[in-house]
Amino acid sequence: MLEALQFEFMQNALMAGLLASLICGIMGTLVVVNRIVFLSGGIAHASYGGIGLAFFFGWPYLFGTIGFALLMAFFMAAITLKAKHRSDTIIGVLWAVGMALGIILIDLTPGYNVDLMSYLFGSILTVPDSDIWLMLAVGAIIICVVSYFYNDYLALSYDEEFAQIRGIHVKSLYFLLIALLAVSVVMIIRVVGLILVIALLTIPPYIVEKYSKSLIKMMIFSSVMSAIFTFTGMWFSFIFNLTSGASIILVAAFGFLISIAIERIIPKISKRTVKMVEK
Amino acid sequence: MSLSIIEIRDLNFSYNRQPVLLDVNLDIKAGDFMAMIGPNGGGKTTLLKLMLGLLSADRGRIRVLGKPPNDVSHRIGYVPQDVHINKDFPVSVLDVVLMGKLKPGRGWSGHSRKDRIAALQALGKVEMTDFHNRRIGELSGGQIQRVFVARALVTEPELLFLDEPTASIDTKGQREFYTLLKELNQTITIIVVSHDLMVVSGYVKSVACVNQRLHYHGQAELTGEMIEFMYHCTAEEACPVELIAHGLPHRVLHTHRDD
């Protein structure tokens, strides 16, 4: 594996994995604590419509995908605020419609196009330099925004009513968060695929949540954990010649199972130790 | 005559086309310590939220500190009823209290040393200083309730709204709690939503009975009539022991008709 590091594509893959982990660690934490996982899934799937639109109308790729993703994201976010009780139904509908729209538009576009498989599982081994720079920029923007508004997002996530009473503009911050999420999701799907983006957004923060004493620690630990899963998964896929995206997911899922097992076993071990000492 | 710190005129609010509050009128003077009692679903929490600007009325006018609620909500300390929100949230007790120090437009600055000291002092008032570094989820319901009170106090409010603040606290704890409120009342106007008739009798200065409509009583003594109106039961049906409150002077509620 070490020899492979000489190759640029491998260096790019590792860099992309690192940046994806950083972005997912921060955004994933906010997604999990605000309980908007389903919304994130909706944005990710619906954004395929943007790819279809870009190909069909000949728009620049990023303009089409990010633009459409933002549109879908804002619409879904507005629904969660205005009609909360129907929001997951509507997200489900947009999820499917966006995806179907993208597929049909690509069917109708003449010539060879990006196929669905690489959208689903990404192509981490064929990441161009331009994508790396873009992810770096997105990561930098996210770090700046989340740092600047850290205490506001903390309050908004924990107790939205109290934050509102304090004068925090909760609606604007919520839409800003959704916008950052939409952009992150589009960038990361390019690299690691649709299936992986949700796993990377949710599994590491979920594992790390109960051990974190602060939101920022949760973000840092999630990023580190994502990176560990990503590099381990890539290593397995290299050694055993497997799809890299799927390998990363399986490593993450395995990590998830181990964390659940540790949760169950540790209280039992301490109980048994106490009993033995009492004897 | 002192100005009203809260002024409500012809307030109407409905939820899903069901009326929750009808033609509510209220005048609260600075320094009042008012209990809001009434049955579940009667509109008590809704009225608090309207005064905080969290909800908008269908009709009518609310003025708090002479202004619309949204302009002055940061001058009100709010202790919500639900202590079980987000129990697994990665946040320490101190960080929850520090949320009271937030204001819009803070920018890059985190919480200053002054903020942290103020937060620890607020925790001291509710005897929770030792817990400042614990995760919020490790605390019991009653302890979280106290942390929420500290969070409201750290905002240095002119008004304090508490929604069922002693729901998770035992009787001794309740007495201590209301003694603290009485002390705070020297500088802060307080409104407490409560199901607890003991509270009403022993500590507060006035009572508002809320059941879609609002009736304000300047004196803290509950009459049998009030209870019948509010709870749709006669004074005889409600247990007499529950209605006798302890406090100086001893307040005894309306005697039973057949005595």
Worksheet entry | Qualifying positions in the range B:61-86 - more than 17 Å from the chain's Cα centre (by Cα), closer than 18 Å to B:Asp163 by Cβ and more than 9 Å from chain A (Cβ to nearest Cβ) | B:Ile62, B:His84
Worksheet item: Can you tell which of A:Gly98, A:Gly102, A:Gly64, A:Gly50 is over 30 Å from A:Phe221 (Cα atoms), in contact (Cβ under 8 Å) with a residue 60 or more places away in the chain, crowded, with 19+ Cβ neighbours inside 10 Å and more than 14 Å from chain B (Cβ to nearest Cβ)?
Response: A:Gly50
Item to complete: Name every residue in the range B:1-45 that is buried (at least 16 other Cβ atoms within 10 Å of the Cβ) and over 16 Å from B:His215 (Cα atoms), in order of residue number.
Response: B:Ser4, B:Ile5, B:Phe13
Worksheet item: Is it the case that the range A:108-122 has a residue that's in a helix (DSSP H, G or I) and of a type in the set (Asp, Glu)?
Response: no
Item to complete: Please find, within the range A:238-255, the residue that is nearest to the chain's Cα centre (by Cα) out of those that are part of a helix (DSSP H, G or I) and of a type outside the set (A, V, I, L, M).
Response: A:Gly245
Worksheet item: So A:Ile168 fits all but one of (1) under 30 Å from B:Val149 (Cβ atoms); (2) away from chain B (no Cβ under 14 Å); (3) outside any helix (DSSP H, G or I); what number is the exception?
Response: (2)
Worksheet item: Taking the range A:107-124, which residues are surrounded by fewer than 18 Cβ atoms within 10 Å (Cβ to Cβ) and hydrophobic (A, V, I, L, M, F, W, C)?
Response: A:Leu108, A:Val114, A:Leu116, A:Met117, A:Leu120
Worksheet item: So how many residues does the range B:1-23 have that are more than 15 Å from B:Pro68 (Cα to Cα) and in contact with a helix residue (DSSP H, G or I) (Cβ under 7 Å, 6 or more places away or on another chain)?
Response: 3
Practice prompt. Would you confirm whether any residue within the range A:13-21 is within 11 Å of the chain's Cα centre (by Cα) and more than 24 Å from A:Gly92 (Cα to Cα)?
Written response: yes
Worksheet entry | Number of the exception - A:Met234 against (1) within 23 Å of B:Pro90 (Cβ to Cβ); (2) part of a helix (DSSP H, G or I) | (1)
Worksheet item: Of the residues A:Ile189, A:Ile203, A:Ile266, A:Ile260, which is away from chain B (no Cβ under 14 Å), assigned to a helix (DSSP H, G or I), without any contact (Cβ under 8 Å) to a residue 60 or more places away in the chain and within 25 Å of A:Met99 (Cα to Cα)?
Response: A:Ile203
Worksheet entry | Residue ranges of strands (runs of 3 or more DSSP E) in the range B:1-83 with at least 2 members touching a residue at least 60 places away in the same chain (Cβ under 8 Å) and of a type in the set (D, E, K, R) | B:18-29
Discussion item. Here is a list: B:Leu139, B:Leu153. Which entry is under 22 Å from B:Ile76 (Cα atoms) and either in contact with an Asp or Glu (Cβ under 7 Å, 6 or more places away or on another chain) or in contact (Cβ under 8 Å) with a residue 12 or more places away in the chain (or both)?
Written reply: B:Leu153
Discussion item. Name the residue that is farthest from the other protein chains (Cβ to nearest Cβ), counting only residues in the range A:137-159 that are free of Cβ contacts under 8 Å to residues at least 24 places away in the same chain and surrounded by fewer than 17 Cβ atoms within 10 Å (Cβ to Cβ).
Written reply: A:Ala137
Discussion item. Suppose we keep only residues that are touching a Gly at 6+ places or on another chain (Cβ under 9 Å) and small (Gly, Ala, Ser) within the range B:135-180. Which one would you say is farthest from B:Ile37 (Cα to Cα)?
Written reply: B:Ala150
Practice prompt. Hey, can you tell me all the residues within the range B:126-135 that are in a helix (DSSP H, G or I) and crowded, with 17+ Cβ neighbours inside 10 Å?
Written response: B:Phe131
Discussion item. Can you tell me which residue is surrounded by the fewest Cβ atoms within 10 Å (Cβ to Cβ) among those in the range B:136-161 that are under 10 Å from B:Val93 (Cβ atoms) and more than 10 Å from every other protein chain (Cβ to nearest Cβ)?
Written reply: B:Glu138
Worksheet item: Taking A:Gly41, is it surrounded by 24 or more Cβ atoms within 10 Å (Cβ to Cβ), at pLDDT 90 or above, assigned to a helix (DSSP H, G or I) and not acidic (Asp, Glu)?
Response: no
Worksheet entry | Answer residue from the range B:162-175, given it is in a loop (DSSP other than H, G, I, E, B) and hydrophobic (A, V, I, L, M, F, W, C) and is surrounded by the fewest Cβ atoms within 10 Å (Cβ to Cβ) among those | B:Ala167
Item to complete: From A:Ala100, A:Ala73, grab the single residue that is assigned to a helix (DSSP H, G or I) and under 30 Å from B:Ile85 (Cβ atoms).
Response: A:Ala73
Item to complete: Just give me the residues in the range B:93-129 being within 14 Å of another protein chain (Cβ to nearest Cβ), over 24 Å from the mean Cα position of the chain (by Cα) and more than 22 Å from B:Leu184 (Cα to Cα), in sequence order.
Response: B:Pro104, B:Gly105, B:Arg106, B:Gly107, B:Trp108, B:Ser109, B:Gly110, B:His111, B:Ser112
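The values are calculated or read from the model by the stated rules, or taken from the named source; none is laboratory data. Since this is a predicted model, take the numbers as computed values, not measurements. So basically every Cβ, Gly included, is an ideal-geometry build from the backbone, and we count neighbours across all protein chains shown.
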